[in-house]
Amino acid sequence: MSDDTSALAVYAGFWRRAAATCIDGCLLLAVLLVASHAIGRPGLLLRDDFLPSLVAALLGLAYAAGFESSRWQATPGKRALGIKVTDLAGRRIGIGRAVLRHVAQLLSAVCLMLGYVMAAFTRRRQCLHDFIAGTLVVRAKYSAAEIQLAPFARAWSRWMIAALVAPLIATWILLYVLHLTPDTSRPAAGTDSYHARTEVTAALYYASDAIDTAESLYGESKDFTRVNVPGVELDAEASRTIAQLAIVAGSIHITFGGESDPALQGRTVTLTPAVDEGGEIAWVCGYADAPEGYDSIRSDYRSLTNVAPDALPPDCQADEPASDSRSDAPGLKA
């Protein structure tokens, strides 16, 4: 191996490393989602709380350092793309160096992500965190001896590096300026529709026990007007954003409070049963239309919800907003 082509064949390039990172990110996200549902807290990842963020960071550290210091010398994403992590002599790294490499990625990220871009033009295709930890990312098929003998890749000229880096810096500056410029077309601070919708979606999940309770009581009486539970018990996670969960004449009322989004404070979203000719029950959320063939137990069910439409998930919105009665709902403005 004496030419530049051999060097490029040994060292893992930028795009292959980026693809491996995407694979690992998806795997970690899947694990976190399954874990949050397993403990009954599906909305946990949507919060900005310190503890969930810390747990996710520690899981990422254990994932990366554990796999890269193992016999694989690679995370599942890297292994899938045929690359591995070694020291500068091509040997397997220990857990300490693997931890340092992962933590040092914070530096690669905070400098406008340029620490990662370095893998495109450095002589051994190293990122900033590779320089700090003394590591290489190479093709998995090469042995330590072959890695030691591999020549350097061709170094980029300063003009080539500038051509790559300048657009990235310009993009970050543009995004920063746009972030500082007020956007009057969006809701004011504290009324972020996306954040409110995620909390409503989580609240609907928490209401699943109330749905089971309402259907059970209806099965006994066959009369929704007799299905009343003043206060459905909530767990600690649900209580953070839900002030009260009650069943009134068959309808489930979710009233927000506590740490919920300001756009939801004191507001209520309702789940109302609809029944078909065979007695099957479907639950209608907020301003949504009852499914075809089902009749809601009350015609004015939309007036029971007073959460702004843009703070509701699609399943809680009417198919034709202009023709429904949402403008008459208390607390709503046209």
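Taking the listed residues A104, A109, A144, A98, the one that is without any contact (Cβ under 8 Å) to a residue 40 or more places away in the chain, touching a Gly at 6+ places or on another chain (Cβ under 9 Å), assigned by TED's automatic domain parsing to the domain that holds I169 and within 12 Å of D87 (Cα to Cα) is A98, with no other qualifying. Can you name the residue in the range 22-50 that is surrounded by 15 or more Cβ atoms within 10 Å (Cβ to Cβ) and of a type outside the set (A, V, I, L, M, F, W, C) and, of all such residues, is modelled with the highest pLDDT? Going through the qualifying residues, I end up with D24. For the range 91-111, a residue qualifies if it is buried (at least 16 other Cβ atoms within 10 Å of the Cβ) and of a type in the set (K, R), and the qualifying residues are R92, R97, R101. The C-beta contact set for the range 284-302 (first residue assigned by TED's automatic domain parsing to the domain that holds A214, second residue surrounded by fewer than 22 Cβ atoms within 10 Å (Cβ to Cβ) and among the polar types (S, T, N, Q), distance under 6 angstrom, 6+ apart or interchain) comprises V284/S296; Y287/Q317; A290/S296; R302/S325. Could we say that I132 is of a type in the set (A, V, I, L, M, F, W, C) and crowded, with 19+ Cβ neighbours inside 10 Å here? It is false that I132 is of a type in the set (A, V, I, L, M, F, W, C) and crowded, with 19+ Cβ neighbours inside 10 Å. Looking across the range 127-153 at every residue that is within 18 Å of S69 (Cβ to Cβ) and assigned to a loop (DSSP other than H, G, I, E, B), the one that is modelled with the highest pLDDT is identified as G134. Looking across the range 91-116, just one residue is touching a helix residue (DSSP H, G or I) at 6+ places or on another chain (Cβ under 6 Å), assigned to a loop (DSSP other than H, G, I, E, B) and within 20 Å of F14 (Cβ to Cβ), and that is L112. Of the residues screened, R124 is not one that is modelled with pLDDT of 80 or more, in the same structural domain as P314 (by TED's automatic domain parsing) and either more than 24 Å from R17 (Cα to Cα) or not in a helix (DSSP H, G or I) (or both).
Scan the range 59-75 for residues that are of a type outside the set (G, A, S), surrounded by 16 or more Cβ atoms within 10 Å (Cβ to Cβ) and part of a helix (DSSP H, G or I) and the total you get is 3.
Screening the candidates L312, L264, L245, L304 for the property of being modelled with pLDDT of 90 or more and closer than 16 Å to S208 by Cα yields one hit, L245. Give the residues of the range 299-317 that are surrounded by fewer than 17 Cβ atoms within 10 Å (Cβ to Cβ) and in a loop (DSSP other than H, G, I, E, B), sorted by residue number. Selection gives S299, D300, P313. Just one residue in the set I211, I173, I169, I161 is modelled with pLDDT of 90 or more and either among the aliphatic types (A, V, I, L, M) or in a helix (DSSP H, G or I) (or both); that residue is I211.
Is it the case that the range 266-289 has a residue that's in a loop (DSSP other than H, G, I, E, B), among the basic types (K, R) and surrounded by fewer than 21 Cβ atoms within 10 Å (Cβ to Cβ)? No, because not a single residue in the range 266-289 is in a loop (DSSP other than H, G, I, E, B), among the basic types (K, R) and surrounded by fewer than 21 Cβ atoms within 10 Å (Cβ to Cβ).
One residue stands out in the range 251-265 among those that are among the aliphatic types (A, V, I, L, M) and assigned to a strand (DSSP E or B): the one that is surrounded by the most Cβ atoms within 10 Å (Cβ to Cβ), namely I254.
The values are calculated or read from the model by the stated rules, or taken from the named source; none is laboratory data. In this text the structure is predicted, and so the values were computed from the model without any measurement. Quick reminder, even Gly has a Cβ in these numbers, built from the backbone with ideal geometry, and neighbours come from all protein chains shown.
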